There are 2 protein chains.
Amino acid sequence: MIESPSATRRHPTILDVASHAGVSKSTVSNVVRGLPGVSEATRGRVRLAIQELGYRPNVLARQLVQQRTSILGVVVGDLANPFFAEMAKSVERHAAARGYTAMFCNTEGDSQSELAGVETLLEHRVAGIVFLAFSGDSRTMRETLQHQIPAVFVSCGAEWGDVVSVDDEVGGRMGTAHLVDAGHRRIAYLFIPELEDQSDRARWDGYCEALKAAGLGPPVRISWSPPAEHALVDGVDRPLIEVFTGPDRATGVFASNDVAAIALQEFADRVDLRVPGDISIVGFDDVPMAGLARIALTTIAQPRDELARLGIATIADRIERKLKGPPTRTLVDVTLVARRSTAPLRQA
Amino acid sequence: MIESPSATRRHPTILDVASHAGVSKSTVSNVVRGLPGVSEATRGRVRLAIQELGYRPNVLARQLVQQRTSILGVVVGDLANPFFAEMAKSVERHAAARGYTAMFCNTEGDSQSELAGVETLLEHRVAGIVFLAFSGDSRTMRETLQHQIPAVFVSCGAEWGDVVSVDDEVGGRMGTAHLVDAGHRRIAYLFIPELEDQSDRARWDGYCEALKAAGLGPPVRISWSPPAEHALVDGVDRPLIEVFTGPDRATGVFASNDVAAIALQEFADRVDLRVPGDISIVGFDDVPMAGLARIALTTIAQPRDELARLGIATIADRIERKLKGPPTRTLVDVTLVARRSTAPLRQA
DNA sequence: CTGAAATCCTGTAACGTTCCAATCTTGTGA
DNA sequence: TCACAAGATTGGAACGTTACAGGATTTCAG
């Protein structure tokens, strides 16, 4: 079959199929959707016509008349971040399994572009929104709420809406306690301010509690923007290295996520601090990289696929009205994976 | 403003806005789209009504009548693979910058789900498809071609359509030559069969040429499915370790991508082979992880963001008919990043 | 035969936009 | 005061589908 190269032939519509098969468009529609009440003979003829014309239903038109789409918006903090990448992949798979198509939008943790992204999703009349990251910006939230579109927050807290997540506070406590048990007395908390969300704050709470429970303190908060050699330590700008060399130096660090933990490990390598010799590091998430022998990061593992599965199940049930009533809160368990980035404190 | 909690109020339409502002729907449409020919006074009234009702245009309806969407389908091999994750992020950003929304679909390198994904994208009447991975399956290709929808292949070859990519053959040659220059005489080629595409094959060609040019050979082909201790070496199933311990052992490996290279490095670490002491490894892609001090992988770097930018520019130009004529082929340069996974061959 | 039920099929009215030709204002110069 | 142009506004016809009420046709028991 030769076609004129530039003549962009229009898509055949249900009407073309109908006239080609000698039936009405309603019948074609019924065949396409596999509804009963069409004779085998007609069904065959219609299918043949569909084949011959290369007809493909126009989802747009369908969705317009049905007043609902099967698209799920997915808000991701940073697609290039391994944790989000894994989550995004799982979410996409589970969404597809339930008949939804995922539409991602990437927000550099920036509530400005988060808002723009949600706006775009709403214009596309997505059936619901899955937040894998949520800045907590209240306007976005209200926008969404106001339009009565289901939203689920997976692994990122929110005051409102269905939440599927690990118990971040417990995780924070476990990670910190692991360091305490190893004899560390001065333990810092590391996080990346750009990406901080409610989950991080809960992890911080867990960290504080664990410290308190062990009679240690006060908490030390290191906020670090990755490429920096300096960091904001408890609010004052300090060369990062001092945190681990001064008289009151920290020997343990609980990081609110693996990316931060690995970045710190990298920093330590560069300035000749030993991990775990000089610093023991505990991360959070258990990204695939953390399991490499050369990284060997002790971390708090989240069951990513399970979170994605539950998240999709929750929002799908909301959309399909199988789930009604007040927001639900589903928590799944976290586990500590001990690797070689932590060790008992060397006695001085 | 109190709303009944379960009554999912319908979205206001352009007609609601029109009657609320006391104008016709056409005028509202003109205001929304920012067309000229609307008096300032009316414009203001309409904007107010939009505000008050919380109107948001329905992209579906717009696209239906306009016969085109502003959605770009993006076919990704594996979102969790760091190379694809970075590319996906860049692609999304550049697409958004040109007014397009990206719709990803993940195909586990499996041409079955690639086909299904493309099918879904076509049903959504995407304006074009960006392939970040392409199995080369001819039916998919023909499906797409047949519907006259623009497609661009970014960093993955195809016999047909616009291609934006690095010169994989040159890359393969450079990577292999780096090992040759370091004195290695027996150099293997490592790849992951599940994800092999035309780019990989071009890299293989480059590898073979470099070997030939140096008077070395024959090529050794290791196909490896990640968690395995065994591998298909030149077609025969062998314990992977033998490749690096036998009498004719390989001392250098050129891997067709960083993920494979890092997996091999991990394997080497586990079985006590030293990198680069016993094996020198060169990867391809320069994923972020490769730059970590603990990984320090020598690799061929692709300018990912540039590829994404050019890819989006190409397909956008096709869609907007600024680019006509036969398929284009844009090549961008590749650079060797020497790190610590390669070293001169130890003299035995 | 007849009437009713079952089966198969169809036509019309949405859905929420954009496009376009036509109409209604207004302002201006003669 | 009028004719005319320019500007502002409008109504109706698409776009490709689904929903649904009803129209044919067939089947079958009485």
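Here is how the numbers come out for the structure above:
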item: Residue within the stretch B:257-275 that is of a type in the set (Gly, Ala, Ser) and assigned to a loop (DSSP other than H, G, I, E, B) present; result: no
item: Helices (runs of 4 or more DSSP H) lying entirely in the stretch A:4-102 (those with 1 or more residues that are touching a strand residue (DSSP E or B) at 6+ places or on another chain (Cβ under 7 Å) and either polar (S, T, N, Q) or within 14 Å of another protein chain (Cβ to nearest Cβ) (or both)); result: A:82-97
item: Search result, residues across the stretch A:154-173 that are without any contact (Cβ under 8 Å) to a residue 60 or more places away in the chain, open to solvent by 20 Å² or more (accessible area, probe 1.4 Å) and touching a helix residue (DSSP H, G or I) at 6+ places or on another chain (Cβ under 7 Å); result: A:Glu169, A:Arg173
item: Flag for A:Phe191 being under 13 Å from the mean Cα position of the chain (by Cα) and not aliphatic (A, V, I, L, M); result: no
item: Residue check, B:Ser256 touching a Lys or Arg at 6+ places or on another chain (Cβ under 8 Å), among the polar types (S, T, N, Q) and under 25 Å from B:Asn81 (Cα atoms); result: yes
item: Every residue from the stretch B:261-282 that is small (Gly, Ala, Ser), away from every other protein chain (no Cβ under 14 Å) and open to solvent by less than 10 Å² (accessible area, probe 1.4 Å); result: B:Ser280
item: Total residues in the stretch B:316-345, condition among the charged types (D, E, K, R) and either surrounded by fewer than 11 Cβ atoms within 10 Å (Cβ to Cβ) or without any contact (Cβ under 8 Å) to a residue 12 or more places away in the chain (or both); result: 5
item: Cross-chain or 6+ apart pairs with Cβ under 8 Å, the stretch B:29-40 first and within 8 Å of DNA strand D (Cβ to nearest atom), then modelled with pLDDT of 90 or more and not in a helix (DSSP H, G or I); result: B:Asn30/B:Val38
item: Criterion: within 22 Å of the chain's Cα centre (by Cα) and either without any contact (Cβ under 8 Å) to a residue 24 or more places away in the chain or over 25 Å from A:Trp160 (Cα atoms) (or both) - qualifying residue of A:Ser70, A:Ser138, A:Ser111, A:Ser90; result: A:Ser138
item: Within the stretch A:194-208, tally of residues that are closer than 13 Å to A:Gly77 by Cβ and surrounded by fewer than 19 Cβ atoms within 10 Å (Cβ to Cβ); result: 3
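Quick grid of which residues meet (1) touching a Pro at 6+ places or on another chain (Cβ under 6 Å); (2) within 14 Å of DNA strand C (Cβ to nearest atom); (3) more than 30 Å from A:Gly291 (Cα to Cα); (4) at pLDDT 95 or above:
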{"position": "A:Met1", "(1), (2), (3), (4)": "no, no, yes, no"}
{"position": "A:Ser19", "(1), (2), (3), (4)": "no, yes, yes, no"}
{"position": "A:Val28", "(1), (2), (3), (4)": "no, yes, yes, yes"}
{"position": "A:Gly34", "(1), (2), (3), (4)": "no, yes, yes, no"}
{"position": "A:Tyr55", "(1), (2), (3), (4)": "yes, no, yes, no"}
{"position": "A:Gly77", "(1), (2), (3), (4)": "no, no, no, no"}
{"position": "A:Met87", "(1), (2), (3), (4)": "no, no, no, yes"}
{"position": "A:Thr101", "(1), (2), (3), (4)": "no, no, yes, no"}
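The values are calculated or read from the model by the stated rules, or taken from the named source; none is laboratory data. As the structure is a prediction and not an experimental result, all values here were calculated from the model. Methodologically, a virtual Cβ is constructed for each residue, glycine included, from the backbone with ideal geometry; neighbour enumeration extends over all protein chains shown. In case anyone asks, the SASA skips ligands and DNA or RNA and just uses the protein heavy atoms, side chains included. Shrake-Rupley method; radii C 1.70, N 1.55, O 1.52, S 1.80 Å.
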